[in-house]
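What follows is a set of notes on a single structure, which appears directly below.
Where a number appears in this text, it was derived from the coordinates with a stated rule and is not lab data. Being a predicted model, the structure only gives us computed values, none of them experimental. All Cβ positions, even for glycine, are placed from backbone atoms using ideal geometry, and neighbour counts span all protein chains on display.
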Amino acid sequence: MHTIITPIMTGFCLGASAIIAVGAQNLFILRQGLKREHVLPIILLCASVDAVFITASVHGVGKIVAAMPFFTDILTYAGAAFLIWQGLSALRHMTTSSSVTLEDQPPQSLRKVIAMTCGFTLLNPHLYLDTVLLMGSVSLTQPEGSRSWFGLGAVLASFVWFPLLGYGARVLRPFFSNPLSWRILDGVTAAIMLTLAGTLLYHAGLAG
């Protein structure tokens, strides 16, 4: 039993460290959780994507991705463009919406929300760098018979974190009844997304 628990916990801790961070995807899930809008499809999609990529990395796909640097470059520039667009949208929303409350947030269709979730998830180069390459590399340090358990632990981290973030956001709803809170969130969102985009482009330039 100990031989199973150890790789599961190792995978869980590594997976948690990779996804529990203030990033574009988590901010998007937080916003949707505050609005209580399409939360379940979002968290299922995010966790499922992580599960697919983690499982693939544990079984050696990370080596294939590492051998295709151009693939990472394409994702880096596409992800930076997406983050810039989302950051400018948040900045525009912050400067033009001075009296928006939680109840005034415009509803979005499930199709649009799913498309945005895919963008924040699949256009994030860190999904491939952390989830595929990092997980794949660390999994090689595990005994061969324990790698699947290691991958399971990492997958469990995603299925624990995303529901906590999406449904736990309702605890903050009283705070976001104040219009100023939404302007602050938009400002933080814009700053983080534009900073992430700049970081991606900076490192792409160094790599080039």
Problem set entry | Rounded tilt (10° steps) of 110-122 against the dominant C-alpha axis of the chain | 50 degrees
Problem set entry | Estimated [θ] at 222 nm from DSSP helical runs (n ≥ 4, -39500 (n - 2.57)) normalised by residues in the chain, nearest 500 | -24500 deg cm²/dmol
Exercise. Hey, what angle do you get for helix 2-19 against the long axis of the chain, alpha-carbon based, 0 to 90 degrees rounded to 10?
Worked result: 40 degrees
Problem set entry | Cβ-based exposure ranking for T3, T189, in which fewest neighbours within 10 Å come first | T3, T189
For this session: Send over the Kirkwood Rh of the stretch 2-207, from the inverse of the averaged 1/r over different Cα pairs, rounded to one decimal Å.
Result: 17.9 Å
Problem set entry | Electrostatic dipole magnitude of the chain [Cβ: Lys, Arg +1; Asp, Glu -1; Cα centre; debye, to 20] | 340 debye
Problem set entry | Cβ-based exposure ranking for D186, D50, in which fewest neighbours within 10 Å come first | D186, D50
